[in-house]
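Inspection log for the structure reproduced underneath, given as structure tokens.
The numbers here are math on the coordinates, done by the rules we state, and not lab data. These numbers were taken from a predicted model, which means no experiment stands behind them. Positions of Cβ are generated from backbone atoms using ideal geometry, with glycine treated the same way; all protein chains shown enter the neighbour counts.
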Amino acid sequence: MATPKVTDKKKTKKGGFKFRTLPAHAYKGKEKKIKQDLIFKAKVKKSFYKSIKNEHVDDKQLKRKKATHKNGLQAVFDKQKEARKKREEERLEKLRKKEEIQKKKEDREKQKKKLRERTKSGQPVMKNQMSYLLDKIKRTQDN
């Protein structure tokens, strides 16, 4: 790979973030996420070192600042962990609701099947009709 020539002692910009070459139709979500994470970390580091440069601190304080910087990153990671936990809870809640809806559908199908039962002469089976009406009355009284 040829290096770019420097003219008039000016530095040329590097190409920026490069990820492995992917075909045009490939999913690039992971690439975008990695890029965003790297950019975020670079911004945090840049602002940290910028603040240190302005304060003119000695080496011992610098080490202490680096430790607090890690704690700052820890806070960001904790936020991300909480967000992940929240998403997981939401996913479980959706799954629970879905199962509940599925159960209700199955119950309705069973009830419908019972109510459609007929005798040999084609009349509805009264036992099923009466139990359905009785359950309905009990539900309304409980509420």
Footprinting exposure proxy for Leu73, Leu22 (fewest neighbouring C-beta atoms within 10 Å first): Leu22, Leu73
Given Lys104/Lys138; Lys30/Lys79; Lys113/Lys136; Lys30/Lys85; Lys30/Lys50, the pairs whose alpha carbons are separated by over 22 Å: Lys30/Lys50
